[in-house]
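Read through the structure below, which is laid out as structure tokens, and then see the notes.
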Amino acid sequence: MPCSKQPNHFQSLMLLQWPLSYLTMFLILQPLFIYLLFTSLWPLPALYFVWLFLDWKTPERGGRRSAWVRNWSVWTHIRDYFPITILKTKDLSPEHNYLMGVHPHGLLTFGAFCNFCTEATDFSKIFPGITSHLATLSWFFKIPLIRDYLMAEGVCSVSQPAIDYLLSHGPGNLVGIVVGGVGEALQSVPNTTNLILQKRKGFVRTALQHGAHLVPTFTFGETEVYEQVLFPKDSRTYKFQSWFRGIFGFYFCVFYGRSFRQGTIGLLPYARPIVTVVGEPLPLPKIEKPSQEIVDKYHALYMHALQKLFDQHKTLYGGSETQELVFL
């Protein structure tokens, strides 16, 4: 597929640093910490591990975001690579807490990360008084250094205690959950709009328990930046992907994009516009123990709001008039 533009090499390098920074911490810095334990510098890693033990519950108690990290200039280069933008359709009052559905997952969730975990698209100016958090897999917060990096960006654990804490404090907290989860990554194919949502109702129940407003969002272009190789469900590769997910919590996807040389295949994403449209908040009553009937009612209202949001904006951001949003 042709790209809308060719980013410069500097933007491409800045984009690569994002996943490479995690790999560096996981593959180099952590083994280095272990090595230092057996040298004369052992007090340094020892002090960190003591502090880690004392700080273990912080990811479930609001995290530890850093305005400095969220304002790093590298995020603006990632923003400009595609580019990534955010569109507000309604104001979010800082007098309430919000649970935001993030759709679709895509492969690497570029749009949600840039819009809600950094200030590259001016989230704090667009939604004044709102503190954004994006929830991800809980086991990331058990990994030394990576946990601190994630918290600094405003990422929180998707565990129930972490979300309950944020929604019971505030007001002005917004917690984004990629409702389709890692299973939706396998639905990330260009020109498709498949969302795993029909049976995902836990986020609605949580919102009701806290009286948090539900906010639908849809990120146009998120599934267009990579091509993915899909395998038959009876193939060995698909079975390996399922095994991998069972061990690590996410799928080992086979995908490709562009390289530094125009017209060649590589692991860089295609430079196609990504637009996150934030919909109108859906007020919910606070019900400590909502019945299944009540959960189903507001889940249906949420799906309707998301469908309406998609239909109103699809032709503006690359979709056709006949394109349908498919709920799986």
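The values are calculated or read from the model by the stated rules, or taken from the named source; none is laboratory data. Quick caveat, the model's predicted, so the values are computed rather than measured. Here the Cβ positions follow ideal geometry from the backbone for every residue, glycine too, while neighbour counts run over all protein chains shown. Side chains included, ligands, DNA and RNA excluded: accessible areas come from the protein's heavy atoms. Shrake-Rupley method; radii C 1.70, N 1.55, O 1.52, S 1.80 Å.
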Inset, instruction - Take Y256, Y22, Y270 and sort them by solvent-accessible surface of the protein heavy atoms, 1.4 Å probe, largest at the top. - result: Y256, Y22, Y270
Legend entry - Packing-based ranking, highest mean first, of 176-187, 65-76, 242-253 given that Cβ atoms within 10 Å are counted: 176-187, 65-76, 242-253
Inset, instruction - Taking the Cα centre of the chain as origin, sum charge times position over the Cβ atoms of Lys and Arg (+1) and Asp and Glu (-1), and report the length of that vector in debye to the nearest 20. - result: 420 debye
Legend entry - Residue order for H103, H96, H304, H77 - accessible surface, 1.4 angstrom probe, largest first: H304, H96, H77, H103
Inset, instruction - Would you mind putting 305-315, 45-55 in packing order, based on average other-beta-carbon counts within 10 Å, highest first? - result: 305-315, 45-55
Legend entry - Under 21 Å from K142, Cα to Cα: lysines that are on another chain or at least 8 residues apart: K57
Legend entry - For the chain, calculated [θ]222 nm from helices alone, where every DSSP H run of n ≥ 4 adds -39500 (n - 2.57): -10500 deg cm²/dmol
Legend entry - Modelled FRET efficiency - R0 22 Å, F33 with K142, Cβ distances, 0.05 increments: 0.90
Inset, instruction - Would you work out which of L150, Q187, W139 lies farthest towards the positive end of the dipole of the chain, given +1 charges on the beta-carbon of Lys and Arg and -1 on that of Asp and Glu, about the Cα centre? - result: W139
Inset, instruction - Starting from the Cα of K88, draw a straight line to each of the aspartates and glutamates and keep only those under 12 Å, dropping any in the same chain fewer than 8 residues away. - result: D122, E280
Legend entry - Mean-position separation - Cα centroids, the range 205-226 and the range 169-201, in angstrom: 6 Å
